[in-house]
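Data block below; observations after.
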Amino acid sequence: MNAVEQAILRPFSFSGGGFEKSSRRIAEDQATACESSARYFEKKGRSNLARKQRKMAASWRSLATLSDTEVERFCEALFLKGSETLEALLALAEKRDSALSHLVLLANHILDGLLDFAAHRHKQAARAFMQSISATVNNFEFVATQKPELFREWARGSIAIPGLISRNRAQSRDNERLLEVLQQGEASYLAPAMRSKRGRFWTFSGANLLAVRLISHIQSANIFYESDKVLARHCRRDLPSWRKDAAKLKAFSARTWPSWAHVIWQIIIEVSPQNKPALHLAFYDPKTKICNVRKRRINPYYGNEERAYSISEQDIKEALFGAVEVIATGESRRTKQRRKAEENGIQ
């Protein structure tokens, strides 16, 4: 999946990236995509564009035949071209905010590429990735400490902010001070629970953790919805239905959580094999499972054993919807039912 497809589709991953998939063959993937475009243009009678796409496919495949000397020369040329492109976008961003979305897309694509290599045991890529994000986060903390007003509005609405993690106690105290200065999370959907002193705060694990990640995924996708919609139109692509529905959502709250849960379920269906969540291995992996899922049950009427994927799917859906409700309201449905029963009993 290239950067454009990534922006349009905004795919969700249980592992935080596309790392549950096999390692990509970037050049071959790009060549295949060009050939697909060539076939599309041929059907539309645009033979000139079809030839151009086939030429690009051949160019991608030729990368595998380059010598070490040619690779070095090509890297230098691409670096200069890339640097000029970035400088031009930065110059445009001084006058037009629309350039910022392209810069974000490129920055994310670079870091995602490094992390993808690292995830497939490329040691140098892992080191390069850590060096890059460490320098960026360190610079962020420095500027945020000096000029907190730059990031306060964003931090107030965020459930977490980037920060350097260290066993050094002084660093931990600095992190805490920065959270206070930026007023982190005070305007987020977790604010009521953070301020409440009653009861036990739900944990960031299991279904709750998955629900938080999906809520954040939707919020992030919505930030770039308009620019991604323009990009999709330019590339003759259609945005996924969940993105169109997500763009209509009101802010996540105790009142709106059911509509958010339905969009979340659309995302889960989209990333599942054959669009069936019960077939997704993540729900059976001890590291990512959110509940005990059943593939069989005893029929209450006939006493015979039945196998049905719909049973396990319902288990998954109930666990995920329940987590979304807890995050939004601070209470589970069972707690509400128990309190209501107690109130009725008193009356």
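The number of residues in the range 94-114 being more than 20 Å from F79 (Cβ to Cβ) and either in contact (Cβ under 8 Å) with a residue 40 or more places away in the chain or of a type in the set (A, V, I, L, M, F, W, C) (or both) comes to 5. Do we have A254 as small (G, A, S) and part of a helix (DSSP H, G or I) here? Criteria not met by A254. Among all positions in the range 305-314, there is at least one residue which is modelled with pLDDT under 65, surrounded by 11 or more Cβ atoms within 10 Å (Cβ to Cβ) and hydrophobic (A, V, I, L, M, F, W, C).
Which of the residues that make up the range 226-247 are surrounded by fewer than 17 Cβ atoms within 10 Å (Cβ to Cβ) and assigned to a helix (DSSP H, G or I)? Within the range 226-247, E226, K229, V230, R233, H234, S241, K244, D245 meet the criteria.
Picking from residues in the range 129-147 that are aliphatic (A, V, I, L, M) and surrounded by 11 or more Cβ atoms within 10 Å (Cβ to Cβ), the one that is farthest from V181 (Cα to Cα) is M130. No other residue among A64, A91 is without any contact (Cβ under 8 Å) to a residue 40 or more places away in the chain, more than 18 Å from Q30 (Cα to Cα), among the hydrophobic types (A, V, I, L, M, F, W, C) and assigned to a helix (DSSP H, G or I) apart from A91. Looking across A38, A107, A88, A126, one residue alone is of a type in the set (A, V, I, L, M, F, W, C), surrounded by 14 or more Cβ atoms within 10 Å (Cβ to Cβ) and under 30 Å from the mean Cα position of the chain (by Cα). It is A126. Considering every residue within the range 166-176, establish whether at least one is in contact with a Pro (Cβ under 6 Å, 6 or more places away or on another chain), at negative phi and free of Cβ contacts under 8 Å to residues at least 40 places away in the same chain. For the range 166-176, residues in contact with a Pro (Cβ under 6 Å, 6 or more places away or on another chain), at negative phi and free of Cβ contacts under 8 Å to residues at least 40 places away in the same chain: absent. Restricting S15, S37, S22 to those that are farther than 21 Å from I110 by Cα and at pLDDT below 90 reduces the list to S37.
Scanning the range 150-170 turns up at least one residue that is surrounded by fewer than 15 Cβ atoms within 10 Å (Cβ to Cβ), more than 27 Å from the chain's Cα centre (by Cα), under 28 Å from N208 (Cα atoms) and of a type outside the set (F, W, Y).
Among residues of the range 209-223 that are aromatic (F, W, Y), none has a beta-carbon under 9 Å from a residue that is outside any helix (DSSP H, G or I) at least six positions away or on a different chain. Is it the case that E70 is among the charged types (D, E, K, R), closer than 25 Å to K229 by Cβ and at pLDDT 90 or above? Answer is no for this residue. Taking the listed residues I267, I223, the one that is surrounded by 18 or more Cβ atoms within 10 Å (Cβ to Cβ) and within 20 Å of S13 (Cβ to Cβ) is I267, with no other qualifying.
Annotation note: of I268, I264, the sole residue that is closer than 26 Å to G157 by Cβ, touching a Pro at 6+ places or on another chain (Cβ under 6 Å) and part of a helix (DSSP H, G or I) is I268.
Yes or no, residue by residue, for (1) within 23 Å of R236 (Cβ to Cβ); (2) at pLDDT 85 or above:
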residue	(1), (2)
I8	yes, no
W60	yes, yes
G82	no, yes
E87	no, yes
A93	no, yes
V104	yes, yes
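The numbered conditions (1) modelled with pLDDT of 90 or more; (2) over 18 Å from Q219 (Cα atoms); (3) surrounded by fewer than 17 Cβ atoms within 10 Å (Cβ to Cβ); (4) out of contact with any helix residue (DSSP H, G or I) (no Cβ under 6 Å at 6 or more places or on another chain) are all true for R255 except (2).
The test for being at pLDDT below 90, touching a strand residue (DSSP E or B) at 6+ places or on another chain (Cβ under 9 Å) and either outside any loop (DSSP other than H, G, I, E, B) or not basic (K, R) (or both) does not hold for E342.
The values are calculated or read from the model by the stated rules, or taken from the named source; none is laboratory data. Just so we're clear, the structure is a prediction, and the values are computed from it rather than from any experiment. Cβ: placed from backbone, ideal geometry, glycine included. Neighbour counts: every protein chain shown.
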